[in-house]
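Below you'll find the structure, written out as C-alpha cells, and then a few comments.
The values are calculated or read from the model by the stated rules, or taken from the named source; none is laboratory data. These numbers were taken from a predicted model, which means no experiment stands behind them. Using ideal geometry, Cβ is built from the backbone for each residue, glycine included, and neighbour counts are taken over all protein chains shown.
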Amino acid sequence: MKTVLIADDELAIRKLYECELRDEGYEVVTAASAQEAIDATRKQIVDLVIMDIRMPGMDGIEAMNRILEENNELPIVINSAYSAYRDSFMSWPADAYLIKSADLSELKDTVHRILDGKPSGIGVERESVV
Amino acid sequence: MPGSRETPEPALLARIGADLGVGIIVSDAAGVVTWMDELASSWFGGEFARGRPVRAGLERLASRSRFVSLPPAIVSEVSESPPGRLFCLRREGGDEFYVRHLVFPLGRGSGEASELVHYFIDETREKRLQETLVDHLQQLTSMKEIIDTLYDSVSSQEVIYLILVAVTSQMGFGFNRAFLLEACGDQLRGTFGIGPSSTEDAHRIWSRLAELNLPSLRAIYEDMAGAKAPPDPQTQEIASRILFDPSDASASLRGVIDSNRPALVDLSVEQAPADRLLRDLLGADLVAVVPLWVRGTLAGVLIADNFVTRQPISEKSLSLLKTFSNYAAIALERSQLYDELRQSVAKLQEANSTLKAHQRKLLRAEKLSAIGELAARVSHEIRNPLVAIGGLARSLLRDNGLGTEARDKVAIIVDQVSRLEKFLRETLDFVKPEFEATTVLDVRDEANACAQAFRAGAEERGIALEMELGDDPLPCPVDRDVLHRALANILRNAFEAAGPGGRVRVSTEHRGFTAEIRVADSGPGISPEAETRIFEPFFTTKPEGTGLGLAIAQQAIRGLGGQIVFENGPSDRTAPQASDPLGSIFTIKLPLDESAIRSPRGRRPVPTTGIRRP
C-alpha cells in the first residue's frame, strides 16, 4: 500500500485529507509543520508528499527543497491556499501545484496519477457537485 | 680745474660742489662763464666754456663726442618745475642724461646781482628711479586689470581664453602666440592656442584689432567669443595636436616645468621627443615656458613665443609672466572648481529627481504589494476553513446512511462553499503583480548590455570589469526594462563597493530551472549588522546613497518571479568560484523559459496539474 504524507498546520485540513485519502486506499501519515514533514520522510518510507506552503516556522517550499536534497525522486504536490507562489519558479521542483479546494477531486486525481499512473474514478462525482 | 678768475668764495664753492656732487659755474650778470669747478669742467670743457654764455656751454655739452650732436632735441628742456630747470641730454646709443640747472644771484650789497652761481645737478638716477616707478605702477595697474578680469570670469573656457588674450595682447604681455597645455594624468595636452599663424595673418588680425581699438581685455575676449569660428583656427589646430609626457622632455624643459619658474627654452638644443614634437608643431626654437602650479599640483603649462615678429623675449616680460602665472593658475583652478561644482549641482539635481521618481514608484509598488499581501492573507484565512467545511460536507454527502432531508441540507452547504470558493478564485487570486513577464530574452545578452553600459565609467575610475557569460542560452520570460532596472542597480552597487583599483565580475549560469546572473565585487563586503537590511528601502551604508537601489532591484526581480540572493564574503559562498573577487556577490535567479529547463534530477513540472509558468 502506498503511503502519502500530508503536511499542513491546520488540523481540520489534515483530518479531511486523511479521511479522503484513506478512502482512496492509501496509507496516510500527517505532519503539522515543515520540520515534522522532513522528519517523517527520514523516519519512514513515504511515496508522496502533499505539502502546504504557509506554515509556522519553515515554509513548505523550503521543506520541499530539503526533502528533495535527500531524496530527489520523491513526488511532492504543493497544495496551498495561496495562489501567489504558483507563478513563482521557486515552486517548480514540485510535481504539481494545487490550490486548496473543498472539491478534492483534483487532488485525488493528481495523487492517483503520480502513484498509480492513472486517474481515480471520482471525476463523475466532481462534475455532479460543482 | 678751478677757474682762473677770482671769485668771491672759490674755495667754498669748490668744496660745496665736491661734497654735493654738483657741477658749479659762476658767471657774470649777463651769463658769461667766469669760473667753473672740476665736475662742471668735465661736463662742459673748462677751456671752451670760459668766457662764453652758460647756454653755449650747454650746447657744447650736447655736441661733445659722447652726446649725439643734434640741435634742439639734444638739449631739451624737460621741465620748468622748480627749483630751476631740468634738461634732458641724449647720449649716443640713446642713453639719456638728466641735469637740473639752478641759478642763484650773488649780491654785493647794492641789490643788483653782479654775479650768478649756476648749480648743475645730475638727476639721471632719480629720473630713472622715477621712470621705473611709473613703469612698475603701469605694470601693476595692467596686471590688476588682467587679474580682475580673470577673477570676474567663472567658466573655465572663458578663463583660459582670457589668459591667452592677456599673454598675446598689447594690453597684456604682447607675445605673438600663446598655447595652453592642461595636465591630464601624466600628460600635458594642448587645449587652446591663439595668435596668428603667419605674417599675413598677423597683419590682418593686428590691424583689425587696432581698428577696433578695444578698450579692455574683456572686450577683446568678447569680440573673440562672439565670432562663430575659433579665433585662430590654425593655431588652435596646432594646440590640439600637442600631447606629451613631461618625462619625455629635455632636462631644461622639464626643469622649467618642475621648478615653477618661467624661462626661455631653446627647443633645438636637446633632442628629446617632447622638445622635438613642440618644435615641429610650433615651428619655433625659442619659447617662453610658464608652468602653472596650484598648491603643489601642475595644472598646466603656458607656452608663448614671438613666432611672427621674431622679437627677442626679455627678462622683464618673463618676470611679469611669472607674476601673472601665479594668478592665472589660481584663476584656472578656481574656474575648474566652479565647473565641477556646477556639474555636481546638476548631478545632484538629477539624483534628486531620480530619487523622487523612485520614491513614487516604490510607494506605488508598496501599495500594490500591500494589496497583494492582503488578498493573499484573506484568501488563505478564508480558504482553509472553507476547504475543511466543504470537504467534510462532501464526504458526508457520500455517506449512504444519510437521510434525504439531511443530504439536501449538506448539498446546500457544499453548494454555498463552492460559491465562496468561486468568489475567491475570481477575485483575490487575480490580483496582478506589478510587473509582467512579457518577452522571452536571453538574459546573457541583457547582463552583457547592462554591464557594458558601465564599462566606460568603470575604466575611468580604474575598476576592472570582467565578463564570463556561459555557453548555454538562458531564455527567460522577462520585462526588459524591469530586468535592466534591477541589473543596473546591482551593478552600480558593485562598482561603488569595488572602488578605484577594484574589480567586478559578471557571470551567468544555467542551473536546472533557473538562470543565474552573478555580480561579484572586490569590495569590503557588508557588516553583519547591515547584512540583513540591505534590501530594505532607504537602508544605505554610503553617505551619498539613497538606499533604494537594492530594494528596487529586489522588487523588480520578485516581480519577474525570481529572487536575489546575497552572499557576503568568501565564507558565505554556497558555490564558490575561484575567479570571483572576494567582496559581496549578488546572484539574480530567474525562472528559465520552459524550452531551456533541464533538471539534473530529471524533474519537470507536471504540465497538466496547475503549474503555470509566469
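Test B:S379 against the criterion of being within 12 Å of chain A (Cβ to nearest Cβ) and modelled with pLDDT under 85, and give yes or no. Working first, answer last.
Values: within 12 Å of chain A (Cβ to nearest Cβ): yes; modelled with pLDDT under 85: yes.
Yes; evaluated as a whole, the condition is true for this residue.
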Do we have B:I238 as assigned by TED's automatic domain parsing to the domain that holds B:L180 and touching a Gly at 6+ places or on another chain (Cβ under 8 Å) here?
yes
Within segment B:391-410, how many residues are free of Cβ contacts under 8 Å to residues at least 12 places away in the same chain, of a type in the set (G, A, S) and within 11 Å of another protein chain (Cβ to nearest Cβ)?
2
Within the bounds of segment B:264-286, is there any residue that is buried (at least 24 other Cβ atoms within 10 Å of the Cβ) and under 17 Å from B:I163 (Cβ atoms)?
no
Test A:S33 against the stated conditions and say whether it is polar (S, T, N, Q) and either at the interface with chain B (Cβ under 8 Å from one of its Cβ atoms) or under 24 Å from B:R394 (Cβ atoms) (or both).
no
Selection status of B:A331, of a type outside the set (S, T, N, Q), within 19 Å of B:G190 (Cα to Cα) and out of contact with any strand residue (DSSP E or B) (no Cβ under 9 Å at 6 or more places or on another chain)
yes
Selected residue (criterion: surrounded by the most Cβ atoms within 10 Å (Cβ to Cβ)) from residues of segment B:412-426 that are more than 8 Å from chain A (Cβ to nearest Cβ) and among the aliphatic types (A, V, I, L, M):
B:L424
If a residue counts only when it is under 31 Å from the mean Cα position of the chain (by Cα) and hydrophobic (A, V, I, L, M, F, W, C), which helices (runs of 4 or more DSSP H) contained entirely in segment B:477-560 have at least 2 such residues?
B:480-498
Among the residues of segment B:206-239, which ones are modelled with pLDDT of 90 or more and surrounded by fewer than 14 Cβ atoms within 10 Å (Cβ to Cβ)?
none
Take the residues in segment B:385-411 that are in a helix (DSSP H, G or I) and of a type in the set (D, E, K, R); name whichever of them is surrounded by the most Cβ atoms within 10 Å (Cβ to Cβ).
B:R394
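Taking segment B:556-586 only, how many residues are within 14 Å of chain A (Cβ to nearest Cβ) and either surrounded by 14 or more Cβ atoms within 10 Å (Cβ to Cβ) or at pLDDT 70 or above (or both)? Can you show your working first?
To start, the set of residues in segment B:556-586 that are within 14 Å of chain A (Cβ to nearest Cβ) comprises B:557-565, B:574.
Remaining after also requiring either surrounded by 14 or more Cβ atoms within 10 Å (Cβ to Cβ) or at pLDDT 70 or above (or both): B:557-565.
Summing the residues that are within 14 Å of chain A (Cβ to nearest Cβ) and either surrounded by 14 or more Cβ atoms within 10 Å (Cβ to Cβ) or at pLDDT 70 or above (or both) in segment B:556-586 gives 9.
Residues are listed down the side, and each one gets a yes or a no for (1) out of contact with any Asp or Glu (no Cβ under 9 Å at 6 or more places or on another chain); (2) modelled with pLDDT of 80 or more; (3) farther than 26 Å from B:G172 by Cβ; (4) among the aliphatic types (A, V, I, L, M):
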{"site": "B:S110", "(1), (2), (3), (4)": "yes, no, yes, no"}
{"site": "B:I121", "(1), (2), (3), (4)": "yes, yes, yes, yes"}
{"site": "B:E126", "(1), (2), (3), (4)": "yes, yes, yes, no"}
{"site": "B:L129", "(1), (2), (3), (4)": "yes, yes, no, yes"}
{"site": "B:L133", "(1), (2), (3), (4)": "yes, yes, no, yes"}
{"site": "B:L137", "(1), (2), (3), (4)": "yes, yes, no, yes"}
{"site": "B:L140", "(1), (2), (3), (4)": "yes, yes, no, yes"}
{"site": "B:I146", "(1), (2), (3), (4)": "yes, yes, no, yes"}
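If you go through segment B:295-312 one residue at a time, how many are β-branched (V, I, T) and surrounded by fewer than 18 Cβ atoms within 10 Å (Cβ to Cβ)? Explain how you work it out, then say what you get.
First, pick out the residues of segment B:295-312 that are β-branched (V, I, T): B:297, B:301, B:303, B:308-309.
Add one more test, that the residue is surrounded by fewer than 18 Cβ atoms within 10 Å (Cβ to Cβ), and what stays is B:297, B:309.
So the count comes out to 2.
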Among the residues of segment A:3-26, is there at least one that is farther than 19 Å from A:E106 by Cα and more than 14 Å from chain B (Cβ to nearest Cβ)?
no
Unmet requirement for B:T546, which otherwise passes all of (1) touching a Phe, Trp or Tyr at 6+ places or on another chain (Cβ under 8 Å); (2) at pLDDT below 85; (3) within 12 Å of chain A (Cβ to nearest Cβ):
(3)
Per the filter on segment B:489-502, residues touching a residue at least 40 places away in the same chain (Cβ under 8 Å) and either surrounded by fewer than 20 Cβ atoms within 10 Å (Cβ to Cβ) or more than 24 Å from B:V443 (Cα to Cα) (or both) are B:R492, B:E496, B:G502
Quick one: how many residues across segment B:163-210 are in a strand (DSSP E or B), over 19 Å from the mean Cα position of the chain (by Cα) and without any contact (Cβ under 8 Å) to a residue 60 or more places away in the chain?
1
